1. Pick from B:THR8, B:THR30, B:THR15: which is out of contact with any His (no Cβ under 9 Å at 6 or more places or on another chain), under 21 Å from B:VAL202 (Cα atoms) and among the hydroxyl-bearing types (Ser, Thr, Tyr)?
2. Can you confirm whether A:ALA217 is within 14 Å of another protein chain (Cβ to nearest Cβ), at pLDDT 95 or above and out of contact with any His (no Cβ under 7 Å at 6 or more places or on another chain)?
3. Among the listed residues A:ASN174, A:ASN200, which satisfies the condition of being over 21 Å from B:LEU76 (Cβ atoms) and either touching a strand residue (DSSP E or B) at 6+ places or on another chain (Cβ under 7 Å) or facing chain B (nearest Cβ under 9 Å) (or both)?
4. In the range B:99-132, what residues are assigned to a loop (DSSP other than H, G, I, E, B), aliphatic (A, V, I, L, M) and closer than 21 Å to B:GLU71 by Cβ?
5. Hey, among the residues in the range A:182-193 that are at the interface with another protein chain (Cβ under 7 Å from one of its Cβ atoms) and not basic (Lys, Arg), which one's surrounded by the most Cβ atoms within 10 Å (Cβ to Cβ)?
Amino acid sequence: MKRELLKFLILAILVAILPTLLSGSYLVNVLIFVGIHTMLAVALNLLLGFAGQISLGHAGFFGLGAYASAILTTTYGINPWIAMVAAAVAVSLLAFAIGFPILKLKGHYLAMATLGLGIIFFIVFNEAVELTGGPSGFSGIPNLKIGSITFDNDLKNYGLIWLFTLVTVLLSVNLANSRIGRALRAIHDSEVAARVMGVNARLLKVQIFALSAGISAIAGSLYAHTMGFISPTSFGFNFSIELITMVIIGGLGSIYGSLIGAFILTILPEALRTFQDYDIIIYGIILILMTMFLPGGLVRGIPGLLARLRPADKQEEG
Amino acid sequence: MLEIQAITQLFGGLTALCDVSFTIRQGDITGVIGPNGAGKTTLFNIISGIYRQTSGRILLQGKDITGLPPERLARLGIVRTFQNIELFGQMSVLDNVKVGLHTKSHSGLFSCSFKLPWHLVEERRIAESARRWLDFCGIPDLADQRADSLPFGKGRLLEIARALASEPGIIFMDEPAAGLNSRETQDLASLIRKIRDAGITVVLVEHDMELVMDVCDRILVLSLGEKLAEGTPREIQENTSVIAAYLGEG
């Protein structure tokens, strides 16, 4: 417990001092995306890494949150904060309703069903032109405001988004180390044994699916209000795969791993701008290499890998 | 305590169980024996809610519990262990037992995420009970190991500790001695008695006749899906049709 608190404090301090070390709004802007991606990866990890249920449609929930916020604030003039809460609640309820039939499926069938779900959302974003602006996007989304502070520059947005990200990380770590977290991991390892021990596996899977979708929707709202402009391409199948890659790189079931996965997969495309159109191929290769050599993810895998590379040192220590 | 009334289970054209009725008495250690394919595990799967029987009823303290799912039965105090141990392999031994306390705790998503005060109190209580049950089963020193790193015999004990942590009224053990050496089997026999003395009714499916005859108060014999006999170990040992079924005579 003490160690968890220490890890979190180190992260919080890092987040607080990083922008002062970086010059130029470009890097701060990249870190804003790291924050949004971390929220999404952590949300997906609760479902995929803990409960062991895959979703290939999480970009869709992210998009639903973004579009719900955009439409409620811009078209209907509702306060952005209220829009964000409404979007999160509505997306959670939707996921809860969809979750009951869909999470009865296992393995490949669940992957196919969630894939279909993501594609349906993507089609709606593109085709409901009057509502969403269609493929040309939705612009003029207002910034968030607290009193007289408007979140209209990169530094303010950085603070806002990382505040949400830190809260997401903290609450997820708490959840992971509680009876609910244990029940989720139990379902992952042996659903029948978990049920025999009194875990209502079916309900808990649906609840965590709804929670995961709700966090993704909040990330979507933040994204919409920060960028002021959204278009369907940000919420497509490729992005769902990117999110899964983040979770797997960091390690299934490791909350801080998701943060590292999000960091790497956000920085990497910036660094590899020349490969732009081939990014999905690079993600594919990363996924293959990770599952072959570091199936536990970076956070858990690297110490083990180092130990394997230096067996002689270990013996001396012993 | 638990009444099994006229259970029949068909798998396609195969009759796994045919009209089996039996009463498990509170505080007894009951053995279910029979040659391979007699339907013992099927009976367990039905009682623990994993299969839904073709017909027949199950009553717990006079209350109909037919067809309830395993998670509901766990709340009513019916738990089981598995023939091929089903541990939560990626979790620590202690965390495995903590899952056993799931029905004894109530914090939901919200209070767990926000670490509300009563949740912290509950977590402390869960940890204490879990350690107590590891002690009870004689494996307190394994608490921090990963469950899938345990040798088979210890895994069995962990599975029993996890089941006991839910403080059941009745525990079903599916071949608890399978894969154990004679020393471990002796320890198991005393553990089973200890469980009964703690006020928990025990039912076991077992092939190890020495163990069954040693610990059981009553025995149910199944053969080819039908009830062949029931009675005390002595009565069963002297029952000619049981002997015939085991030796394959007439």
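The values are calculated or read from the model by the stated rules, or taken from the named source; none is laboratory data. Model, not experiment: these values are computed from the prediction. Methodologically, a virtual Cβ is constructed for each residue, glycine included, from the backbone with ideal geometry; neighbour enumeration extends over all protein chains shown.
1. B:THR30
2. Considered against the rule, which asks whether it is within 14 Å of another protein chain (Cβ to nearest Cβ), at pLDDT 95 or above and out of contact with any His (no Cβ under 7 Å at 6 or more places or on another chain), A:ALA217 comes out as no.
3. Residue meeting the stated conditions: A:ASN174.
4. Residue satisfying the conditions is B:LEU101 alone.
5. Checked the range A:182-193; the qualifying residue surrounded by the most Cβ atoms within 10 Å (Cβ to Cβ) is A:ALA186.
Residues are listed down the side, and each one gets a yes or a no for (1) among the aliphatic types (A, V, I, L, M); (2) in a helix (DSSP H, G or I); (3) closer than 18 Å to A:ILE215 by Cβ:
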| site | (1), (2), (3) |
| --- | --- |
| A:LEU31 | yes, yes, no |
| A:ILE36 | yes, yes, yes |
| A:GLY60 | no, yes, yes |
| A:ALA66 | yes, yes, yes |
| A:SER69 | no, yes, yes |
| A:LEU72 | yes, yes, no |
| A:ILE98 | yes, yes, yes |
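Yes/no matrix, rows are residues, columns are (1) part of a helix (DSSP H, G or I); (2) closer than 20 Å to B:GLU122 by Cβ; (3) among the charged types (D, E, K, R); (4) facing chain A (nearest Cβ under 10 Å):
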site: B:GLY67; (1), (2), (3), (4): no, no, no, no
site: B:ALA74; (1), (2), (3), (4): yes, yes, no, yes
site: B:GLN83; (1), (2), (3), (4): no, no, no, no
site: B:GLU86; (1), (2), (3), (4): no, no, yes, yes
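For every residue, the table says whether it meets (1) surrounded by fewer than 24 Cβ atoms within 10 Å (Cβ to Cβ); (2) of a type in the set (S, T, N, Q).
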{"site": "A:VAL196", "(1), (2)": "no, no"}
{"site": "A:ASN200", "(1), (2)": "yes, yes"}
{"site": "A:SER216", "(1), (2)": "no, yes"}
{"site": "A:SER221", "(1), (2)": "no, yes"}
{"site": "A:LEU252", "(1), (2)": "yes, no"}
{"site": "A:ALA271", "(1), (2)": "yes, no"}
{"site": "A:ASP277", "(1), (2)": "yes, no"}
